[in-house]
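The values are calculated or read from the model by the stated rules, or taken from the named source; none is laboratory data. This structure is a prediction, so every number in the text was calculated from the model and none was measured. Methodologically, a virtual Cβ is constructed for each residue, glycine included, from the backbone with ideal geometry; neighbour enumeration extends over all protein chains shown.
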Amino acid sequence: MAKIALMFSGQGAQRVGMGMDLYNKYQKAREVIDIAGDELRNIIFEGPEEVLKLSKYAQPAIFTVSMAAFEVFKDLYDISADDFVAAGHSLGEYSALCAAGFFNFRDGLAIVKARGEFIQKASEENPGTMAAVIGLKKSVVECICKQVSNFGVCEPVNFNSPEQIVISGNLLSVNEAIKVATITGATKCIILNVSGPFHSSLMTSAADNMSKELDKYNFNVASSFGVFTNCDALLTTDGLFVKEKLVNQIKSPVKWNEIIDNIITAGFDRFIEIGPGRILSRLLKGIDKSKRALNIEDSLSLQKTLAELSK
């Protein structure tokens, strides 16, 4: 029995036209994307990019396309035949939880839409940005963030791999941190394609609103497999803990490096990235060079993945 880890994309992976190929070729994908409604489907397929980039559209769009890809995969591959776990980066955690059966797609879409709106509102109240710092150790990045704190909030928020840490905060402080990181010896610093200072303390109001929103829902025990969660990198199988973890996730660092380490330690040796882009596949290689990920974002990658799994 193969041990397979599913990885789900987060915000920043969006692109105009994502999911269209699956929508045109697979009934399961059409069913999921049509549930999301005409407005969101048109923004996903036609853009413009400036609109798709906004959190209130990007988040439900990525969630919808990721779940469409998962449903097509599940329709063509017997997931009960293998041992699975899942993890999702930031927003992708909602896709992982939905795939595992903690909640259904309609509830997940409503929750993600609310999350996107809360984060968009918090981003407008506290404008900021995020940047990936490549080539510096965690302790060095933490020091740089403290060093520029007189310019505003700047915090390390995504521990993606030993060589990539994302910082988040006010525009001025993040730009200053990039200057210091470059002087200190960072290989590269990249401003991310996002519309706010996600996972930082500037998102506290969004977390508070999310807490109230999630009170409307009951979360199941996982019906298919467990999910390694962002805020603590631990395997979650009980729906009782889901609300608290999703609230914490909005204003806490994403422990992605630790999640992947824990998945590998648990004996999972095959990885499949589901949803737009291959960001998580690249991060996987940065964490463990011996591992590579298959992916599912269109019909070609789907067929390649199915062929590889059949070997």
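Points worth noting:
- Of the residues making up the stretch 289-302, those that are assigned to a loop (DSSP other than H, G, I, E, B) and surrounded by 15 or more Cβ atoms within 10 Å (Cβ to Cβ) are LYS291, GLU297, ASP298.
- Exactly one residue out of PHE70, PHE45 is over 24 Å from ILE190 (Cβ atoms) and surrounded by fewer than 19 Cβ atoms within 10 Å (Cβ to Cβ): that is PHE45.
- Annotation note: of PHE63, PHE45, the sole residue that is in a helix (DSSP H, G or I), in the same structural domain as TYR26 (by TED's automatic domain parsing), of a type outside the set (A, V, I, L, M) and in contact with a Leu (Cβ under 8 Å, 6 or more places away or on another chain) is PHE63.
- Residue that is nearest to the chain's Cα centre (by Cα), among those in the stretch 9-30 that are of a type in the set (Gly, Ala, Ser) and surrounded by 16 or more Cβ atoms within 10 Å (Cβ to Cβ): GLY10
- Selection status of ALA87, part of a helix (DSSP H, G or I), within 22 Å of the chain's Cα centre (by Cα) and in the same structural domain as ASN262 (by TED's automatic domain parsing): no
- One residue stands out in the stretch 109-155 among those that are within 16 Å of TYR57 (Cβ to Cβ) and not hydrophobic (A, V, I, L, M, F, W, C): the one that is surrounded by the fewest Cβ atoms within 10 Å (Cβ to Cβ), namely GLU124.
- Residues that are of a type in the set (A, V, I, L, M) and assigned to a loop (DSSP other than H, G, I, E, B), drawn from the stretch 1-38: MET1, ALA2, ALA13, VAL16, MET18, ALA36
- Residue count for the stretch 222-240, restricted to those that are touching a residue at least 24 places away in the same chain (Cβ under 8 Å), part of a loop (DSSP other than H, G, I, E, B) and surrounded by fewer than 19 Cβ atoms within 10 Å (Cβ to Cβ): 3
- Search result, residues across the stretch 197-221 that are touching a Ser or Thr at 6+ places or on another chain (Cβ under 9 Å) and either surrounded by fewer than 15 Cβ atoms within 10 Å (Cβ to Cβ) or farther than 20 Å from GLU124 by Cα (or both): VAL221
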